[in-house]
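Notes follow the structure.
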Amino acid sequence: MPQLLIELFSEEIPARMQGGAARDLERMATERLKAAGLTWDTLTTFAGPRRLTLVVEGLPTATPDREEEVKGPRTSAPDQALDGFLRKTGLGKDQLTDRDGVWMAVIASRGVRTTDVVATMVDQIVRGFPWPKSMRWGSGTLRWVRPLKRIVALFDGHVVPFEIDGIKSDNVTEGHRFMGPGKPFAVRDFADYRHKLRDHHVILDAAERRLHILEAARATCHARGLELVDDDGLLDEVAGLAEWPTPILGDMDPAFLSLPPEVVKLSMKVHQKYFAVRRPGQPGLAPHFLVVANVEASDGGTALVAGNSRVLSARLDDARFFWDEDLKTGFDVWAKKLEGVTFHAKLGTLADRVDRIAARAREIAPLVGADPDQAERAARLSKADLASAMVGEFPELQGVMGGYYARAAGDPDAIADAVRDHYKPQGPADSVPTAPLTVAVALADKLDTLVGFFAIDEKPTGSKDPFALRRATLGFTRSVVESNVSVSLDQLVWNSAASLIRQMAAKPNFLLTERLSAEQTQTLRDEALNRGYGFAEELARSEAVKSIEFDLEKWRLGTASAWLTVDPLPVGREWLMADLEPQLEVSFSRWKALTGTLIPFFADRLKVLLRDQGKRHDLVDAVFALGDDDLVRIVRRVEALDAFLATDDGANLLAGNKRAANILRAEAKKGPLPTGERQTDLAGEPAAETALAQAVIAARAGVDAALAAEDFAAAMTALSRLRGPVDTFFTDVMVNSEIPEERDNRLKLLGQVRDVMGRVADFGLIAG
């Protein structure tokens, strides 16, 4: 079967765009070939510094002939309907078929040449290609990432003729910009194309370029007794920069190694695209670098690395300046700068955020075995490096530089480590902090992020998550679970929200009255003043605002409106105008409802975490339904429940529970279910009913004792003893007895079965 070869040759394509471009080319070509009715064996795309390539094997020479059956009006329909159908199809009435009183038409179309499809397809792809950024050049209207110079279009060895904005398709391409002969050359097919490109110093396949760089770089390092510091991201990038990559080892001034190694590596990577190297088995870096050139230099790269060494020295001199200046400046100056940096318009400054994190870290510290004073100190230092010169130059080093500066300032290693690692984990592949102090600060940091953005209603929607709240929640959850930190999530969320409320309430513009008239605002002020301090005390005593402190002087001065936004609604509702309440823009009830939205969000992330471990999501729902907010305990419950349901006893008991629930649900529709204790003196009670009643009592005692000891496996074992009695009960006993007392007794018993199982999990939420 014929082969299709397309090459779109241009000026340099940015490395970061090449992978996406190859995928987009594959997608767009696939969609258009399928739409034309074509089939093929394989479709492959390639992307490099100057070209996008598509090769399709096994295409037919033409699209297939088609016959399409189209349904028309009923035969009894008016003539106007039939006439309209005939005009639409281009057929005569004699070409229609009467099928069960409906006119049917068969429309036949002949296939078209594949070359015609290809010409149209390439034009559409080129004109509609979704480059992140594109440009026009000359007097043309075409947009491409860089000026498009050539188009190779070959089908079955022949040029597919077309023209796009003055660029005619051909069988001619170019090799390496510098190392080739400098003349275009013709190709016959993909094999010839790939072979000649290599002869002209172009490696077509990005994966092959990547492997070549890695192997050659390691060999070059090994020859000097060194080893490459692996960096997959940089490797991908340089593979997109060089058509004929040639690794060369260079030297740098050893004095630069006095800088933190992260600074040296990042200076190499960000500014120059160099790899760092080290000596095997030794800590730190070696005073060398590896550059991937796009040429094979005649002098072995001597002149090239000399030039690169000078450029790198200049970059590292800048880094050393930033380092020295930061050491002179210190945390106090940076902390002061944070007061003028807005974190979010509705959440205050970075200094405000640090205050909140410090309070939460101090609260969490005893729960994880950390010193509260140290936790607060680490939290107050955690964001300071954001104001440093080094992090200003290298944002990737936030936290890392803070750790170095904390050590230089004389803080204990534990505090420096907490500052360095408090952002972790930053992704699923990142490690979770284990040191107690680091865990405390990391949890406080993520908790403040989540509570703050949920409080201002900036929750993720669909695939959009601009503040990375899903990642923060998953990081928090992993840290809690993997560190085995037993905490009340509800309490942590509530305390964090209370801190935010107190902090925001102290701001001069906390009362957001833009939607209130001046008269309405004054009404609120007057009523507060009329009721005086007693009203403030009434608010303070209410459960909703128990954490708020009131200032009598503020009330007397008429500035108590700031406190009114905390919420007068739980008390004093009688004086608040009904038409005014909905207009209040800030209401304490919004803050208090945080737990109702944020806790389920944690449940969703826990599902993701446990799903990756092979656990079912419905088990998380079943356990969360109990109201437990201790993530560690929830995981242990889920693990025990999962193991239980994998047994025959668990599977059968689940089925029995569902049967009991269905009976109770059906009976509830007829009227209220019977309540209270079962009668134990009914004559003629079946043995199976008695046995189940006794088993329920024993199971309840066993489950309660196991749950009190947080031995969830034992709780499941206690439940398992219900399996036999439940099975026998449903086999031997009719629930809907004609005798009312018997019916009531049996419904009460089924309710007891459901209730004792519900102490472990909501089995009604479990599938299967």
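Looking at (1) more than 21 Å from PHE644 (Cβ to Cβ); (2) under 41 Å from the mean Cα position of the chain (by Cα); (3) assigned to a loop (DSSP other than H, G, I, E, B), which is the only condition ARG665 fails?
Every listed condition holds for ARG665 apart from (3).
If you scan segment 125-142, which residues turn out to be exposed (fewer than 14 other Cβ atoms within 10 Å of the Cβ) and assigned to a helix (DSSP H, G or I)?
Correct list: ARG127, GLY128.
Before we move on, is ALA21 in contact with a helix residue (DSSP H, G or I) (Cβ under 7 Å, 6 or more places away or on another chain) and crowded, with 17+ Cβ neighbours inside 10 Å?
no
For segment 81-103, how many residues meet the condition of being more than 18 Å from GLU67 (Cβ to Cβ), basic (Lys, Arg) and within 56 Å of the chain's Cα centre (by Cα)?
1
Does ARG74 satisfy being free of Cβ contacts under 8 Å to residues at least 40 places away in the same chain, over 15 Å from ALA153 (Cβ atoms), touching a Phe, Trp or Tyr at 6+ places or on another chain (Cβ under 9 Å) and among the basic types (Lys, Arg)? Spell out how you get there, then give the answer.
Working: free of Cβ contacts under 8 Å to residues at least 40 places away in the same chain: yes; over 15 Å from ALA153 (Cβ atoms): yes; touching a Phe, Trp or Tyr at 6+ places or on another chain (Cβ under 9 Å): yes; among the basic types (Lys, Arg): yes.
Judged against the criteria, ARG74 is a match.
Exactly one of these conditions fails for LYS196: (1) farther than 16 Å from ALA47 by Cα; (2) touching a residue at least 24 places away in the same chain (Cβ under 8 Å); (3) of a type in the set (D, E, K, R); (4) in a helix (DSSP H, G or I). Give me its number.
Going through the list (1) farther than 16 Å from ALA47 by Cα; (2) touching a residue at least 24 places away in the same chain (Cβ under 8 Å); (3) of a type in the set (D, E, K, R); (4) in a helix (DSSP H, G or I), LYS196 breaks only (2).
How many residues are within 28 Å of the chain's Cα centre (by Cα), outside any helix (DSSP H, G or I) and not hydrophobic (A, V, I, L, M, F, W, C) when one looks only at segment 361-414?
3
Taking only pairs six or more apart or across chains, which ones have beta-carbon atoms under 8 Å, a first residue in segment 210-237 that is assigned by TED's automatic domain parsing to the domain that holds ASN294 and over 15 Å from ILE248 (Cβ atoms), and a second residue that is among the basic types (Lys, Arg) and not in a helix (DSSP H, G or I)?
Filtered contacts from segment 210-237: GLY225/ARG279; GLU227/ARG278; GLU227/ARG279; VAL229/ARG278; LEU234/LYS273; GLU237/LYS273.
Mind listing whichever residues of segment 238-275 are of a type in the set (A, V, I, L, M) and over 30 Å from SER10 (Cα atoms)?
Result: LEU249, MET252, ALA255, LEU257, LEU259, VAL263, VAL264, LEU266.
Would you mind finding the one in ALA442, ALA455 that is among the small types (Gly, Ala, Ser), at pLDDT 90 or above and buried (at least 16 other Cβ atoms within 10 Å of the Cβ)?
Only one candidate qualifies: ALA442.
Scan segment 705-746 for residues that are of a type outside the set (Phe, Trp, Tyr), in contact (Cβ under 8 Å) with a residue 60 or more places away in the chain and closer than 22 Å to VAL760 by Cα and report the count.
Here the count works out to 10.
Go through segment 227-249 residue by residue and tally those that are assigned to a strand (DSSP E or B) and of a type in the set (A, V, I, L, M).
Residues flagged as assigned to a strand (DSSP E or B) and of a type in the set (A, V, I, L, M) within segment 227-249 amount to 3.
List every residue pair whose Cβ atoms lie under 9 Å apart, where the two residues are 6 or more positions apart in sequence or sit on different chains, the first residue falls within segment 51-67 and is within 16 Å of THR115 (Cβ to Cβ), and the second residue, located anywhere, is of a type in the set (Asp, Glu) and in a strand (DSSP E or B).
Matching pairs, first to second residue: LEU54/GLU7.
ARG746 - would you say it is within 14 Å of ILE663 (Cα to Cα) and within 40 Å of the chain's Cα centre (by Cα)?
no
Within segment 704-713, is there a residue that is modelled with pLDDT under 90, in a loop (DSSP other than H, G, I, E, B) and more than 17 Å from LEU750 (Cβ to Cβ)?
No, the conditions are met nowhere in segment 704-713.
From TRP103, TRP40, which residue is crowded, with 18+ Cβ neighbours inside 10 Å, without any contact (Cβ under 8 Å) to a residue 40 or more places away in the chain, within 23 Å of HIS158 (Cβ to Cβ) and in contact with a Gly (Cβ under 7 Å, 6 or more places away or on another chain)?
Details: TRP103 fails: within 23 Å of HIS158 (Cβ to Cβ).
Answer to the check: TRP40.
Condition check ((1) outside the structural domain of GLU174 (by TED's automatic domain parsing); (2) within 37 Å of the chain's Cα centre (by Cα)) across all residues:
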residue	(1), (2)
LEU8	no, yes
PRO14	no, yes
ALA22	no, yes
LEU33	no, yes
LEU38	no, no
ALA47	no, yes
GLY58	no, no
LYS71	yes, no
SER76	yes, no
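If PRO428 satisfies all but one of (1) assigned to a helix (DSSP H, G or I); (2) in contact (Cβ under 8 Å) with a residue 40 or more places away in the chain, what's the number of the condition it fails?
(1)
For segment 668-684, name all the residues that are surrounded by 10 or more Cβ atoms within 10 Å (Cβ to Cβ), touching a residue at least 40 places away in the same chain (Cβ under 8 Å) and either under 16 Å from PHE730 (Cα atoms) or not charged (D, E, K, R) (or both).
First, the residues of segment 668-684 that are surrounded by 10 or more Cβ atoms within 10 Å (Cβ to Cβ): 668, 673-674, 678-679, 682.
Those still in the list that are touching a residue at least 40 places away in the same chain (Cβ under 8 Å) too: 673-674, 678-679, 682.
Of everything in segment 668-684, those that are surrounded by 10 or more Cβ atoms within 10 Å (Cβ to Cβ), touching a residue at least 40 places away in the same chain (Cβ under 8 Å) and either under 16 Å from PHE730 (Cα atoms) or not charged (D, E, K, R) (or both) turn out to be LEU673, PRO674, GLN679, LEU682.
Just the residues that are buried (at least 17 other Cβ atoms within 10 Å of the Cβ) and part of a loop (DSSP other than H, G, I, E, B), please, taken from segment 43-77.
Answer for segment 43-77, where residues must be buried (at least 17 other Cβ atoms within 10 Å of the Cβ) and part of a loop (DSSP other than H, G, I, E, B): GLY48, PRO49, ARG50, LEU59, THR63.
The values are calculated or read from the model by the stated rules, or taken from the named source; none is laboratory data. Only a predicted model underlies this, so the values are computations on that prediction, with no experimental measurement involved. Glycine gets a Cβ as well: all are built from the backbone with ideal geometry, and neighbour counts include every protein chain shown.
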